[in-house]
Amino acid sequence: MDAARKARRHAYVAEELNAMAHWYTRPDPSSGGHFLTLSLLAEFSDTGRIARDQTAVFLRSVGADAVVDDAQLAVSELVGNVVNHAVPDRCLSRPGASRRIDVIFKMWPKWLFIGVADEDSTPPVLPLGDSFLPGLAGELSEAVLPDCGRGLLILQRLAAAVWWTPEDKGGKTVWCRFDLGGGGGDKPS
């Protein structure tokens, strides 16, 4: 590996570690950070619309207009997964109760972290690799694309990173990160 490539790789790994260190903490407004948690109920018919609308309101209010569309799509996919697939863990379910969805925004000058928490501990199925060569995918009809994991595949294409974390008392949070141009650069070649 030549020196320039090694330096780019080192810078990329350092930036990824820096981003993850920021993900662990709650942003302080004095550091240019912003934090919001939005709690919704899965059983309401307008839950997805409210999540998308509030995503736009929050991001525009903190000056992150450039990522509003991608963030709205990410939130829509993640909230939709909870509405359509999440079954609360036995310890978290109550007869007749609605399923809770928390949408978490952590924004720093360089990163936007979005998490969608639900009451189901079942890990999400994150797609690995490409289903088709990129050149071939444009020619394929939507009917041949995978039925399972489409939303997370879209999310992986939009966001810089996608992962999930289990919650201590049950449930999980699916996270994604958008890089906001305050540094960071591209992945090394």
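Criterion first (within 25 Å of Asn18 (Cα to Cα), hydrophobic (A, V, I, L, M, F, W, C) and at pLDDT below 85) does Leu158 satisfy it? No; evaluated as a whole, the condition is false for this residue. The residue that is surrounded by the fewest Cβ atoms within 10 Å (Cβ to Cβ), counting only those in segment 116-136 that are within 14 Å of Ile154 (Cβ to Cβ) and at pLDDT below 55, is Asp130. In segment 79-105, the residue that is modelled with the highest pLDDT out of those that are in contact with a Gly (Cβ under 7 Å, 6 or more places away or on another chain) and over 20 Å from Gly151 (Cα atoms) is Asp89.
Can you tell me how many residues in segment 75-113 are assigned to a strand (DSSP E or B) and aliphatic (A, V, I, L, M)?
Here is the first cut: in segment 75-113, the ones assigned to a strand (DSSP E or B) are 100-107, 111-113.
Of the ones still in play, those that are also aliphatic (A, V, I, L, M) are 101, 103-104, 107, 112.
Total satisfying the criteria: 5.
For segment 81-108, the set of residues classified as closer than 25 Å to Phe58 by Cα, basic (Lys, Arg) and open to solvent by 30 Å² or more (accessible area, probe 1.4 Å) consists of Arg99, Arg100, listed by residue number.
Taking the numbered list (1) within 19 Å of Gly170 (Cβ to Cβ); (2) open to solvent by 80 Å² or more (accessible area, probe 1.4 Å); (3) among the aliphatic types (A, V, I, L, M); (4) part of a helix (DSSP H, G or I) in turn, Ala66 passes all entries but (1).
Conditions (1) modelled with pLDDT under 90; (2) within 18 Å of Trp163 (Cα to Cα); (3) touching a helix residue (DSSP H, G or I) at 6+ places or on another chain (Cβ under 6 Å); (4) surrounded by 15 or more Cβ atoms within 10 Å (Cβ to Cβ), marked per residue:
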position	(1), (2), (3), (4)
Ala11	yes, no, no, no
Glu16	yes, yes, no, yes
Ala21	yes, yes, no, no
Leu40	no, no, yes, yes
Arg49	no, no, no, no
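Each residue in segment 40-51 was checked for being in a strand (DSSP E or B) and within 15 Å of Ile114 (Cβ to Cβ), and 1 of them qualify. Figure legend. Inter-residue proximity from segment 81-110: first residues small (Gly, Ala, Ser), second residues part of a strand (DSSP E or B), beta-carbon distance below 6 Å, spacing 6+ or different chains. Indicated pairs: Ala86/Asp118; Ser98/Leu41. The single condition among (1) at pLDDT 90 or above; (2) open to solvent by less than 90 Å² (accessible area, probe 1.4 Å); (3) more than 23 Å from Arg177 (Cβ to Cβ); (4) not charged (D, E, K, R) that Phe44 does not meet is (2).
The values are calculated or read from the model by the stated rules, or taken from the named source; none is laboratory data. The shown structure was predicted, so the numbers you read here are calculated from the model rather than taken from an experiment. Neighbour counts are summed over all protein chains in view; Cβ atoms, including those assigned to glycine, are modelled from backbone coordinates with ideal geometry. Ligands, DNA and RNA are stripped out before the accessible areas are found, and what is left, the full protein with its side chains, is counted by its heavy atoms. Shrake-Rupley method; radii C 1.70, N 1.55, O 1.52, S 1.80 Å.
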